[in-house]
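Colleague: What follows is a structure written as structure tokens; I'll ask about it next.
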Amino acid sequence: MNTTKLKNDWKETKMLAKDPLLLCVVLLIFLGLILFIIYPLAKVCVVAFRSNGRFSVKNFTEAFGFWYYRQAFVNSIIVGALTAIIGTFVGFIFAYSISRANIPGKKFFNIIATIPIVSPPFIGALAIIMLFGRNGFISSVLLGMKNANIYGFKGLLFAQVITFFPVAYITLQGVLESISPTLEDAAMDLGGSRFTIFRKVTLPLAVPGIASAMLVLFVESLADFGNPMILAGSEFPILSVQAYLEITGMYNLGKGAALAFVLLVPSLSAYFFQKYWVSKKQYITVTGKPTSSSNSVVSEGARRVLFAVCILIAAVVLMIYVSIIYGAIATSWGNDPTPTLKHFKYVFQVGFDSVKDTLVIAGLSTPISGVLGMVIAFLVVRKRFLGRRLMEASSMLSFAVPGTVIGIGYILAFNKPPLYLTGTLLILLLNFIFRYIPVGIQGGVAVLGQIDPSIEEAAVDLGADANITFRKITLPLMVPAFFSGLIYAFVRGMTAISAAIFLVSANWNLMTVQIMSQVESGRIGAAAAFSVILVGIILVSMAIIQTILRLKYHTKTSLLAR
């Protein structure tokens, strides 16, 4: 930061003091970010590097002196890297087929790619057991295999790719749609073959987006907890699961924190590499008009192949969700397919408290997270004060940190007075609020960048203070971004598992934790029934929000509007 900018920021900060309400909001947000994002992470680092009250690397040497944990680290990196490569490849095929190949059924394929995003991340793992496990429909019933084993590397990698390829699809669809088709038209007019155009025009322009998608998938896979917990098994250890077992099973906080710290380093490195290097490598294609292609850059034969591949991927995704529904109504999966509602009765008789708790926690945290995201976006874009970039970076930090690390951090940070929150509703709410604000902030920043500041300046000139200007002028203009952040926070709140599993208690439990418990107990039907109810609640809530938007604001948003 140069001296002039520092002076200007200091001058603006002093002017901020003239608006006490705005100053209080800035200070409260800083306090919240420090307490509920930075402090838990710092606590993980402190506990990891401390032994007998002194600085030490003993926790690391003890943890990684054991071959099992070294193997867990290697396995996590391998699965993360392969998920990034294969998931991005599948996402690229989907995105390219929809944006360039003009295949039929684009809306259908778009919905198929959205389904895994609005469902619990480990639902794929549950379906894979139901299809390819010992009593799996495909492995046992169709193929007649005895004692089929889907646990370990192959099952986990399959689940990770199915779970996370939609993230790559969303990223790459945006990248491909931003590349002007007139460039490909020009190359074709100059005599280039379709494959040469793809290799020398489309693919090089998409490379930064592909690299970005791969890094995001690597971080997502490394941070994932649900799929490894269900499918990895003891013969294929994964670091996030071992950190959880070390904390909850052995109650060895030091060693658990050391494993979490090791998990944190590659996740944060990949995130910052993606945010501050890859994102700056995006190419800008100056297009002008026309923006639609006048030529077909994909041959008829290639279009048919891409369509067939999309059908195949869609069939796999549909098979997963149909098996979950079927598992919820079958008397005994793999043994007795007679339809029954006993699993749903079990959910409402035994597990209804977790349904109610999940709705309460997600319902309370979602609006707070949405409003907080908009306020932070407003401050970052419209106000100048010292620490503004720190506010933005720290609020986005929870996006990059694995949920397991955050969960361990909250356990370490809030288990003693004066911040004794363990087992309470408040610790779950605070975790959800501060963990899921980044999408709201990103959306708010993007929308504010398109709103002329002179509109707000006119309101101030007419006598409105910062509070009224934000509520009456800025916030209504940010409605699409606000609801997009709201939907994201609600979906994540309903499907959270990796951090939440450390924070639930006898008083406050979650449906996702119940699903994990049912799978571990072998009650596949009950786990499937919980999953169907969970996805049903999410879809109904999204439909209600989108209806409100359409009727009241004459606009619409979706989870994909990020």
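The values are calculated or read from the model by the stated rules, or taken from the named source; none is laboratory data. This one's a predicted model, so the numbers in the text were calculated from it and none came from an experiment. Virtual Cβ from ideal backbone geometry, glycine too; neighbours counted across all protein chains shown. Side chains included, ligands, DNA and RNA excluded: accessible areas come from the protein's heavy atoms. Shrake-Rupley method; radii C 1.70, N 1.55, O 1.52, S 1.80 Å.
Colleague: Criterion first (modelled with pLDDT of 80 or more, closer than 20 Å to M542 by Cβ and out of contact with any His (no Cβ under 8 Å at 6 or more places or on another chain)) does N110 satisfy it?
Modeller: Yes; evaluated as a whole, the condition is true for this residue.
Colleague: Give me the residue from region 32-58 that is touching a residue at least 12 places away in the same chain (Cβ under 8 Å) and hydroxyl-bearing (S, T, Y) and, out of that set, farthest from A393 (Cα to Cα).
Modeller: By that ranking, first place goes to S51.
Colleague: Among the β-branched types (V, I, T) and modelled with pLDDT of 85 or more: which single residue out of I123, I170, I85 fits that description?
Modeller: Going through I123, I170, I85 in turn, just one is among the β-branched types (V, I, T) and modelled with pLDDT of 85 or more: I85.
Colleague: Every residue in region 373-392 that is hydrophobic (A, V, I, L, M, F, W, C), assigned to a helix (DSSP H, G or I) and surrounded by 15 or more Cβ atoms within 10 Å (Cβ to Cβ), please. Steps first, answer last, please.
Modeller: Quick first cut of region 373-392, residues hydrophobic (A, V, I, L, M, F, W, C) only: 374-381, 385-386, 390-391.
Still in the list and also assigned to a helix (DSSP H, G or I): 374-381, 390-391.
Selection gives M374, V375, I376, A377, F378, L379, V380, V381, M391.
Colleague: Can you give me the number of residues within region 149-181 that are surrounded by fewer than 16 Cβ atoms within 10 Å (Cβ to Cβ) and out of contact with any Asp or Glu (no Cβ under 8 Å at 6 or more places or on another chain)?
Modeller: Result for region 149-181: 4.
Colleague: Then there's this: Search region 96-107 for residues being at pLDDT below 90 and buried (at least 18 other Cβ atoms within 10 Å of the Cβ), and hand back the single one that is nearest to T182 (Cα to Cα).
Modeller: The selected residue is R100.
Colleague: Might you check whether a residue that is open to solvent by 20 Å² or more (accessible area, probe 1.4 Å) and either free of Cβ contacts under 8 Å to residues at least 40 places away in the same chain or in contact with a helix residue (DSSP H, G or I) (Cβ under 8 Å, 6 or more places away or on another chain) (or both) occurs anywhere in region 406-415?
Modeller: yes
Colleague: What tally of residues in region 195-243 results from selecting those that are hydroxyl-bearing (S, T, Y), open to solvent by less than 40 Å² (accessible area, probe 1.4 Å) and under 28 Å from Y68 (Cβ atoms)?
Modeller: Number of matching residues: 2.
Colleague: Out of the residues in region 352-372 that are among the hydrophobic types (A, V, I, L, M, F, W, C) and open to solvent by 40 Å² or more (accessible area, probe 1.4 Å), state the one that is farthest from F30 (Cα to Cα).
Modeller: F352
Colleague: Residue under question is S296, and the condition is that it be within 30 Å of A187 (Cα to Cα), hydroxyl-bearing (S, T, Y), modelled with pLDDT under 90 and surrounded by 14 or more Cβ atoms within 10 Å (Cβ to Cβ); does it hold?
Modeller: Against the criterion (within 30 Å of A187 (Cα to Cα), hydroxyl-bearing (S, T, Y), modelled with pLDDT under 90 and surrounded by 14 or more Cβ atoms within 10 Å (Cβ to Cβ)), S296 qualifies.
Colleague: Among the residues of region 13-37, which ones are buried (at least 17 other Cβ atoms within 10 Å of the Cβ), farther than 27 Å from I238 by Cβ and aliphatic (A, V, I, L, M)?
Modeller: Those that are buried (at least 17 other Cβ atoms within 10 Å of the Cβ), farther than 27 Å from I238 by Cβ and aliphatic (A, V, I, L, M): L16, L22, V25, V26, I29, L33.
Colleague: Of the residues in region 535-560, how many are open to solvent by less than 20 Å² (accessible area, probe 1.4 Å) and either more than 21 Å from the chain's Cα centre (by Cα) or modelled with pLDDT of 90 or more (or both)?
Modeller: Within region 535-560, residues that are open to solvent by less than 20 Å² (accessible area, probe 1.4 Å) and either more than 21 Å from the chain's Cα centre (by Cα) or modelled with pLDDT of 90 or more (or both) number 1.
Colleague: If you don't mind, there's one more thing I want to ask. Identify the single condition in (1) of a type in the set (D, E, K, R); (2) farther than 14 Å from Y96 by Cα; (3) surrounded by 13 or more Cβ atoms within 10 Å (Cβ to Cβ) that R303 does not satisfy, given that it satisfies every other one.
Modeller: With (1) of a type in the set (D, E, K, R); (2) farther than 14 Å from Y96 by Cα; (3) surrounded by 13 or more Cβ atoms within 10 Å (Cβ to Cβ) applied to R303, the lone miss is (2).
Colleague: Picking from F490, F432, F470, which residue would you name as being touching a helix residue (DSSP H, G or I) at 6+ places or on another chain (Cβ under 8 Å), within 21 Å of I34 (Cβ to Cβ) and not basic (K, R)?
Modeller: The match here is F432.
Colleague: Output the number of residues of region 56-101 satisfying the condition of being of a type in the set (A, V, I, L, M, F, W, C), in a helix (DSSP H, G or I) and more than 24 Å from the chain's Cα centre (by Cα).
Modeller: So the answer is 4.
Colleague: For region 332-349, give me each residue that is without any contact (Cβ under 8 Å) to a residue 12 or more places away in the chain and either open to solvent by less than 90 Å² (accessible area, probe 1.4 Å) or not in a helix (DSSP H, G or I) (or both).
Modeller: If the condition is that a residue be without any contact (Cβ under 8 Å) to a residue 12 or more places away in the chain and either open to solvent by less than 90 Å² (accessible area, probe 1.4 Å) or not in a helix (DSSP H, G or I) (or both), then D336, P337, T338, P339, T340 are the ones that fit.
Colleague: How many residues are open to solvent by 30 Å² or more (accessible area, probe 1.4 Å) and in a helix (DSSP H, G or I) if we restrict to region 523-534? Before the answer, list the steps.
Modeller: Step one: filter region 523-534 for residues open to solvent by 30 Å² or more (accessible area, probe 1.4 Å), giving 523-524, 532.
If we keep only those that are in a helix (DSSP H, G or I) too, we end up with 524, 532.
Here the count works out to 2.
Colleague: Another question about this same structure. From the list I320, I325, which residue is touching a residue at least 60 places away in the same chain (Cβ under 8 Å), in a helix (DSSP H, G or I) and open to solvent by 70 Å² or more (accessible area, probe 1.4 Å)?
Modeller: Matching residue, one of I320, I325: I325.
Colleague: Here is a further query. Could you please find all residues in region 59-73 being open to solvent by 70 Å² or more (accessible area, probe 1.4 Å) and either in contact (Cβ under 8 Å) with a residue 60 or more places away in the chain or not hydroxyl-bearing (S, T, Y) (or both)?
Modeller: Correct list: E62, F66, W67, R70, Q71, F73.
Colleague: Counting only residues that are open to solvent by 20 Å² or more (accessible area, probe 1.4 Å) and at pLDDT below 85, give me the helices (runs of 4 or more DSSP H) lying completely in region 421-467 with at least 2 of them.
Modeller: Qualifying helices (runs of 4 or more DSSP H): 438-448, 453-461.
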